[in-house]
Amino acid sequence: MESKQKSAFNAQRFLDSTGINRKIVEYRGGEVIFTQGDPCESVLYIQQGGVKLSVLSETGKEAVVAMLGPADFFGEGCLAGQPVRMGSATTITGSTILHVDKDQMVRLLHKQHALSDRFIAHMLARNIRIEADLIDQMLNPSEKRLARTLVLLSRSGKHDEPVRDIPPVSQKTLAEMIGTTRSRVNFFMKKFQRLGFIDYTDGLKVNNSLLTVVLHN
């Protein structure tokens with residue numbers, strides 16, 4: 001019975017509850033939430049929309065680290081003692097973001113075991129994703145990396161939803177995410193469209209059939 005209660009824990013409802021030192025901010029698409037080097041003072045939670053996490057090198061080259069969606073936490077480095085943001089966060093569409101003060105978040109994680117479980121699960125999933133991304137970059141060709149990225153963005157692994165929308169993302173950003181050029185991304189996107197893996201009729205939609213490219217050896 002206890003496990004069922006934990007699995008049913010609603011992080012959104014809990015973070016919305018009274019008595020928690022937090023603020024809710026509405027952002028337009030393409031708006032900066034925080035910039036690399038900013039003070040690291042809060043944990044953030046995506047209520048609606050999507051966020052791009054990126055890092056800028058000393059030479060000015062940007063690397064996209066992750067694309068996040070609703071129910072994802074980010075900015076959690078402050079809990080590990082990071083004084084400043086190690087990267088930047090930018091919305092990829094209109095978004096509603098909950099900001100929770102880091103000291104408040106620490107107290108919540110200590111007091112609310114259900115929230116702790118949800119947060120730990122998030123962190124473990126993020127680490128697994130980062131490891132998979134690294135292997136993907138090292139071993140797979142750019143076409144397969146692009147297909148995997150589109151599938152992850154669409155969350156299209158659900159069997160009951162064979163076709164899913166993905167948040168607005170430019171081919172330039174996709175190129176940065178998979179470590180190739182925009183022209184190569186454009187070439188593969190046209191190929192995927194021709195094969196029926198993606199559709200541009202009403203926004204960008206990804207069909208689960210694109211998984212065949214990801215799983216192909």
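Within the range 44-73, residues that are under 19 Å from residue 115 (Cα atoms) and without any contact (Cβ under 8 Å) to a residue 60 or more places away in the chain have Cβ atoms under 6 Å from residues that are of a type in the set (Asp, Glu) and surrounded by 14 or more Cβ atoms within 10 Å (Cβ to Cβ) in these pairs: 46/72, counting only partners at least 6 apart in sequence or on another chain. Criterion applied to 210, 139, 115, 124 was being touching a strand residue (DSSP E or B) at 6+ places or on another chain (Cβ under 8 Å) and not hydroxyl-bearing (Ser, Thr, Tyr), and the one residue passing it is 210. Looking only at the range 80-100, which residues are surrounded by 17 or more Cβ atoms within 10 Å (Cβ to Cβ) and more than 16 Å from the chain's Cα centre (by Cα)? Within the range 80-100, 85, 99, 100 qualify.
Just to be sure, is residue 104 farther than 28 Å from residue 171 by Cβ and assigned to a loop (DSSP other than H, G, I, E, B)? Taking the combined requirement at face value, the residue does not satisfy it. Can you say whether residue 114 is farther than 29 Å from residue 180 by Cβ, surrounded by fewer than 18 Cβ atoms within 10 Å (Cβ to Cβ) and in contact with a Lys or Arg (Cβ under 6 Å, 6 or more places away or on another chain), as far as the supplied structure shows? Yes; evaluated as a whole, the condition is true for this residue. Going residue by residue through the range 11-18, is there one that turns out to be under 19 Å from residue 117 (Cα atoms), assigned to a loop (DSSP other than H, G, I, E, B) and either out of contact with any Ser or Thr (no Cβ under 6 Å at 6 or more places or on another chain) or open to solvent by 50 Å² or more (accessible area, probe 1.4 Å) (or both)? Within the range 11-18, one or more residues are under 19 Å from residue 117 (Cα atoms), assigned to a loop (DSSP other than H, G, I, E, B) and either out of contact with any Ser or Thr (no Cβ under 6 Å at 6 or more places or on another chain) or open to solvent by 50 Å² or more (accessible area, probe 1.4 Å) (or both).
Going by the structure shown, is residue 41 among the charged types (D, E, K, R), modelled with pLDDT of 70 or more, open to solvent by 50 Å² or more (accessible area, probe 1.4 Å) and closer than 18 Å to residue 102 by Cβ? The answer is yes for residue 41. Filter the range 141-192 for residues that are in a loop (DSSP other than H, G, I, E, B) and at pLDDT 85 or above; which is least open to solvent (accessible area, probe 1.4 Å)? The selected residue is 180.
The values are calculated or read from the model by the stated rules, or taken from the named source; none is laboratory data. This one's a predicted model, so the numbers in the text were calculated from it and none came from an experiment. FYI the Cβ positions are ideal-geometry reconstructions off the backbone, even for glycines, and counts take in every protein chain you see. Ligands, DNA and RNA are excluded from the accessible area calculation, which covers all protein heavy atoms including side chains. Shrake-Rupley method; radii C 1.70, N 1.55, O 1.52, S 1.80 Å.
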